[in-house]
Structures are given as C-alpha cells and as structure tokens.
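**Q** The structure that follows is given in the form of structure tokens.
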Amino acid sequence: MKENIEGIERFVSPGKGRGLRVTKPFKVGELLFASLPYTYVLTASERGSNCEFCFTRKEGLAKCGKCKKALYCNVKCQKGDWAMHKLECGAMIAYGENWCPSESVRLVARIIAKQKAQKERSTSEKLLLIGELESHIDDVDNEKREMNEGDIASLHQFYSKNLDFPSKTALLTLFSQVNCNGFTVEDEELSKMGSAVYPDVALVNHSCCPNVIVTYKGNVAEVRAVQDMTPGEEVFTSYIDLLYPTADRNERLRDAYYFTCDCKECKTKSKDKLKLKVRKRNKPPGPEEISSMMRYARNTIKEFRSAKQIADKYQKTPGELMEMCQLSLDKMGEVFEDSNVYMLHMMYQAMGVCLYMGDWDEAIRYGEKVLKPYSILYPPYSMNVASMYLKLGRLYLGLERKLSGIDALKKAMAIMEVAHGKDHQYLIELRKEIEMQK
C-alpha cells in the first residue's frame, strides 16, 4: 500500500513527467524528507574506514570472519548486512584480487535478491516502487548497451552461485534503471563513500536552479531546502555539477539522463559569460581561437576526471601528473582568465595532485585561486563551496595558520548547517575541530 510523506506529494509535472511538490511551506535548511536506500554498496576503496552496513566512519571496525574484507561497527551491523553481504562473501574469497564487479553490478545483484525476498512495499518506496523507476531503455545507444551487456556477464560471473537471474531483457532494463537513478553517496568533502538507489528521492526532477539539496547521514538520503518554498512549488535538485556553462550542462544531462533542461538559468544563460571569461590582451582572441581553446578544454576535462584515474590509466607518477596539469593551465591561460570554469577545473585537479604529493603549500595556492570564483558561480549553500572551505581550513591548520583555518572551517559550517542540518555528525565533529583550536 502506498504511503504518504508529510508535506510532500507526487504529481505529474508539465513537460517532465513524474515529480514531487510541497504541500506546506519549507524554510531554508528545513528537512523535506529523509529516505533509507532500497539498496546500496560501500565503495571498495572505503573499506577499512567506513562500516559496510551503516557507512559510519570510525576506527576499530571489526572484519567479517570469513572474507576478512568487509568491516563493521559491531555484531548488530554485521548481522544487519548479512542478507546482502552473503551474496559476495564467498566470491570475494574465491576470486581474491580478481573479484571486481562494478558498483552497478553489485547494486543490481542486491536488487534482485531483495525483490525475491520482499513481501511488501519497503520504506524507501513510499511514493515510487523500485520497478517503476525510469529506464530510458529505448534511448540507450550501442556503446551503453555494450557496457550493460558487459555488466550482465560480470553479474553472472560473480553472483551465479547465489542468485537466479531474470531474462536478459529484464536485466538490461534493470541496469538502465540503476544507471539513470543511482545516487553517489558522498561525505562532507564530497569524497565518494558508495552508491545507492532511493526510489522516492529519484522522483525529484532536475533544475540548474535547485531549491533542495540531497546530502547523506550515513547511507540515509536527506532532502533539505536551499530556498524558501511555498505550497504547490515543485521540488528540484541538481543531477550534475553546476559549475559549467549551459551547453556543457545540457550535454551531460542528455548523455546521462536523456533530457535537456529548460530552467531559468538554461534559458537566460545569465552566468555563461562569467563562466567563460576570456583573458584581456592587447589583441583580444578571435572567435575561432576561443572556440578552439574550448574544444581543447572540454577534451582535457573529459580525459582528466581525477588525478587517481589518470595515474591508474597512464601509469603516471605524481610529478608527471602535476606537469600535465600545469601544461594544460599554461595553454588554456593564454586565452582564458583564471576564473574561467575550465581553468578552475584544472586548478582543482592540480590541488588534488598536490594533496596526493603532500605539497600542502601548493595545494593551498590552487585552492585559494578556486574558492572565490566557486562562491560566485555555484548556487547558494553548495557543498562544492563548503568542501573547498573544509579542505583549505584543514590545510591551514596543518600548517599552523590557525586564524585562517578557523575562519575557513566556520564558513564551511555555515553552509553545512543548511545542507546537512545542525545536528548532523559532520557538524558535531566540525564544532569540536574548531573548539580544539581555541
């Protein structure tokens, strides 16, 4: 039986299909609703620092007695996770280092297992059943279909002993549903902790001018207002990174979600000129030079998603990664201002490489260059801005720049109190962090 969420209702959004709207006022920072995941997985690289079941970050986690890979807060968490972990425990032992299903594969395996055991609607399906998630199966191109078929092969390889699989057509649909509706669970510095499926949260439509933000308390998704909302107003979050100009954002939306955004910002493109700011020179760059540099920048960004990915793909040392960043910055800097979003993207990557190398001073230099434009270009209460304040604050404190560190952490806290709620564990820890410096 379908349940209700107080203050929220499902409706048909003109031009968008299903959506959510509020039936009562909500103030900035107020929680609209929270949702348990239908299913979720902890990212393998986070094992050792986070509980597999509740995602709590703590020391002294206890290992699974069989595979020795999954770690838990206590026996309660281990028992709570066993119904899902048993799908993987034996295969992790058998395959050892060769156990490597993608997170999409792991999520699909858990959905199949849960659907078989499920007798009634789950608490994460108050407004939408897992099977009702949009798949866009008819929009999937050949490249994505091949990737999904590869995931199906991986699913059979790693889970055949513990699962009975539906038809290939049903599996292709299920993978498409997970790829279109999966959420990346992130911590306060936007580091990935895991992936999850939240059917009710998936009903929230996209806008580049969002009025809510989705953050996480452990593996629970929380939807909070970042604008004051009145009854009848549709709930909008952002599916993508909003730093980039309109054309880039819509390219990403079409590729991942199969639609083009028609929000106010996409219609007016009011921030595009600022985001694509060109350097002032005696001889201004012409249209062809700007277009050529934008093509170069977009290709560089697609290639250079993260320092770790590049290091793994090209077997690069940290020093070589830094040289790649600097070469790209030098080339783009001939045409673009430092506040241009393509420059900001590469500076952010350079900061990551510096952190990887333990070069705190250089990390701060890049972070400071990024922070002011971030504060202007991102919408209010953006976790992209808060996470930068957090990183810089902790770097300052590490270099005994106490006043700068406290100031940065306080600015992060002001954003996080809206995005996470004042009683979130991240805020409790952050207040302690600041208090210790006084």
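The values are calculated or read from the model by the stated rules, or taken from the named source; none is laboratory data. Everything numeric here is computed off the predicted structure, so don't read it as measured data. Here Cβ is always computed from backbone atoms with ideal geometry, including for glycine, and neighbour counts include all displayed protein chains. Heavy atoms of the whole protein, side chains included, go into the accessibility calculation; ligands, DNA and RNA do not. Shrake-Rupley method; radii C 1.70, N 1.55, O 1.52, S 1.80 Å.
**Q** Would you tally the residues in segment 302-333 being modelled with pLDDT of 80 or more and surrounded by 12 or more Cβ atoms within 10 Å (Cβ to Cβ)? Before the answer, list the steps.
**A** To start, the set of residues in segment 302-333 that are modelled with pLDDT of 80 or more comprises 317-333.
With the extra rule that they be surrounded by 12 or more Cβ atoms within 10 Å (Cβ to Cβ), the set shrinks to 318, 320-329, 331-333.
The qualifying residues number 14.
**Q** Now for a different question. Would you point out which residue out of GLY80, GLY96 is buried (at least 16 other Cβ atoms within 10 Å of the Cβ) and either at pLDDT 95 or above or within 25 Å of SER45 (Cβ to Cβ) (or both)? Show your work before the answer.
**A** Working: GLY96 fails: buried (at least 16 other Cβ atoms within 10 Å of the Cβ).
Answer to the selection: GLY80.
**Q** Pairs, please: C-beta under 6 Å, at least 6 apart or cross-chain, first residue farther than 20 Å from ARG57 by Cα and in segment 415-438, second in a helix (DSSP H, G or I) and charged (D, E, K, R)?
**A** If the second residue must be in a helix (DSSP H, G or I) and charged (D, E, K, R), the pairs left are GLN437/LYS402.
**Q** Taking only pairs six or more apart or across chains, which ones have beta-carbon atoms under 7 Å, a first residue in segment 55-76 that is assigned to a loop (DSSP other than H, G, I, E, B), and a second residue that is of a type in the set (S, T, N, Q)?
**A** Partner pairs satisfying both residue conditions: PHE55/ASN219; THR56/ASN50; CYS64/GLN78; CYS73/THR56.
**Q** If you scan segment 108-133, which residues turn out to be over 21 Å from ILE5 (Cα atoms) and touching a residue at least 40 places away in the same chain (Cβ under 8 Å)? Don't jump to the end; show me each part of the working.
**A** If we filter segment 108-133 for residues that are over 21 Å from ILE5 (Cα atoms), which is where we start, we get 108-119.
Scanning segment 108-133 gives VAL108, ALA109, ARG110, ILE111, ILE112, ALA113, LYS114, LYS116.
**Q** So, one more: Please determine whether any residue of segment 118-128 is farther than 19 Å from ALA202 by Cβ and either among the polar types (S, T, N, Q) or exposed (fewer than 14 other Cβ atoms within 10 Å of the Cβ) (or both). Reasoning before the result, please.
**A** First, pick out the residues of segment 118-128 that are farther than 19 Å from ALA202 by Cβ: 119-120.
Among the residues that remain, those that are also either among the polar types (S, T, N, Q) or exposed (fewer than 14 other Cβ atoms within 10 Å of the Cβ) (or both) are: 119-120.
Within segment 118-128 (the criterion being farther than 19 Å from ALA202 by Cβ and either among the polar types (S, T, N, Q) or exposed (fewer than 14 other Cβ atoms within 10 Å of the Cβ) (or both)), the answer is yes, since at least one residue qualifies.
**Q** A further question follows. Any idea which of LYS283, LYS269, LYS264, LYS273 is in contact with a helix residue (DSSP H, G or I) (Cβ under 6 Å, 6 or more places away or on another chain) and of a type in the set (D, E, K, R)?
**A** Numbers: LYS283 fails: in contact with a helix residue (DSSP H, G or I) (Cβ under 6 Å, 6 or more places away or on another chain); LYS264 fails: in contact with a helix residue (DSSP H, G or I) (Cβ under 6 Å, 6 or more places away or on another chain); LYS273 fails: in contact with a helix residue (DSSP H, G or I) (Cβ under 6 Å, 6 or more places away or on another chain).
Within the list LYS283, LYS269, LYS264, LYS273, the selection yields LYS269.
**Q** Every residue in segment 99-117 that is outside any helix (DSSP H, G or I) and open to solvent by 70 Å² or more (accessible area, probe 1.4 Å), please.
**A** Residues of segment 99-117 that are outside any helix (DSSP H, G or I), as a first pass: 99-102.
Scanning segment 99-117 gives a single hit, CYS100.
**Q** Go through segment 336-390 and give me each residue that's farther than 22 Å from LEU403 by Cα, β-branched (Val, Ile, Thr) and at pLDDT 95 or above.
**A** Listed by number, the residues that qualify are VAL341, ILE376.
**Q** Something else now. Give the residues of segment 272-287 that are open to solvent by 40 Å² or more (accessible area, probe 1.4 Å), farther than 12 Å from SER339 by Cα and either of a type in the set (Phe, Trp, Tyr) or part of a loop (DSSP other than H, G, I, E, B) (or both), sorted by residue number.
**A** The answer is LYS280, ARG281, ASN282, LYS283, PRO284.
**Q** If you don't mind, another one. List the strands (runs of 3 or more DSSP E) inside segment 173-257, counting only whole elements, that have at least 2 residues being among the aliphatic types (A, V, I, L, M) and at pLDDT 95 or above. Even if it seems obvious, please write down each step before you answer.
**A** Numbers: elements: 182-186, 192-197, 212-217, 220-225.
By residue number, 192-197, 212-217, 220-225.
**Q** For segment 1-22, which positions are touching a residue at least 60 places away in the same chain (Cβ under 8 Å), open to solvent by 70 Å² or more (accessible area, probe 1.4 Å) and not acidic (Asp, Glu)?
**A** Those that are touching a residue at least 60 places away in the same chain (Cβ under 8 Å), open to solvent by 70 Å² or more (accessible area, probe 1.4 Å) and not acidic (Asp, Glu): MET1, LYS2, ASN4, ARG10, GLY15, LYS16, ARG18, ARG21.
**Q** Are any of the residues in segment 45-66 farther than 22 Å from SER238 by Cβ, within 22 Å of the chain's Cα centre (by Cα), modelled with pLDDT of 95 or more and acidic (Asp, Glu)?
**A** The answer is yes; a qualifying residue exists.
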